[in-house]
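Quick notes on the structure that follows.
What follows draws every value from the coordinates through simple rules; no lab data is involved. Being a predicted model, the structure only gives us computed values, none of them experimental. FYI the Cβ positions are ideal-geometry reconstructions off the backbone, even for glycines, and counts take in every protein chain you see.
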Amino acid sequence: MLREVKNAGYVREGWPLWRRHRFVAGGVAASRGVGRRVYQHAMSLQAAQAVCVMTAPPRRYWWCRDRFWWEDDDLTADDVLALVHERDERRQRQLDRAHAALALGGMPRRRRRPIPVEVRQAVFRRDGGRCVECGSDFDIQYDHVIPVALGGSSTVANLQILCAPCNRQKGAALG
């Protein structure tokens, strides 16, 4: 499993003439730092490939595409690059979908308007407060004979009282 390490990076140590860069991830640090040339070389490589920066069994730490990662599955550099690429693509697709939804008026839809109180009272009186299918008066619900999704309205003629089991059995079917 490849996981991103949010609290990892290189720390500069030493005097300006012999400055070293030591990799640190949370409470774990590399035993030795690397020189400026090795650090700059790794920095240029990580943009296009995964670079192993530390092994602290059972984990191995990688630097790839400006982020640090750890894994404990003995992945190769190509495996890490492929997984990072796939995550980046997934993130980009998610952003593209979000922007497209927003552009198409994808603002949160308003909820369906509730059934007016007068209509509910009239249906309750007409059906005697009982399920029209089985006669139960427990866990009753207002049901649209023609579902709203199929163009039905919240009128007395299009509503009936059903108990929860009968309503589930009916589902979104007509009738």
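Before moving on, here are some points about what is shown:
- Loop-located GluC sites (Glu not before Pro) across the range 1-102 with a Cβ neighbour count of 16 or fewer within 10 Å are lacking, with loop assigned by DSSP.
- Sorted by Cβ density within 10 Å, fewest first, the residues MET1, MET43: MET1, MET43
- Placing unit charges on the Cβ atoms only, positive for Lys and Arg and negative for Asp and Glu, gives the range 2-103 a dipole magnitude near 580 debye about its Cα centre.
- In plain terms, the residue of VAL145, VAL117 with the fewest other Cβ atoms within 10 Å comes first and the most crowded comes last, giving VAL117, VAL145.
- Cβ crowding within 10 Å ranks LYS6, LYS170 as LYS6, LYS170, fewest other Cβ atoms first.
- About its Cα centre, the dipole of the chain is roughly 780 debye, where the only charges are +1 on Lys and Arg Cβ and -1 on Asp and Glu Cβ.
- Against the empirical 2.2 N^0.38 Å (N residues), the range 1-146 has a Cα radius of gyration ratio of 2.05.
- Using a cutoff of 8 angstrom between alpha carbon atoms and counting only pairs six or more residues apart, the relative contact order for the chain works out to 13 percent.
- In the range 113-167, Rg over Rh equals 0.94, where Rg is the alpha-carbon radius of gyration and Rh the Kirkwood radius from pairwise Cα distances.
- Backbone phi angles across the range 10-21, fed through the Karplus curve with coefficients 6.51, -1.76 and 1.60 (θ = phi - 60°), yield HN-Hα couplings of 9, 10, 7, 9, x, 7, x, 6, 10, 5, 10, 10 Hz in residue order; Gly and Pro are listed as x.
- Residue (of VAL53, VAL117, CYS163) at the positive-pole extreme of the chain, dipole from beta-carbon charges: VAL53
- Estimated from helical segments only, the mean residue ellipticity of the chain at 222 nm is -10000 deg cm²/dmol, where each DSSP H run of four or more residues counts as -39500 (n - 2.57).
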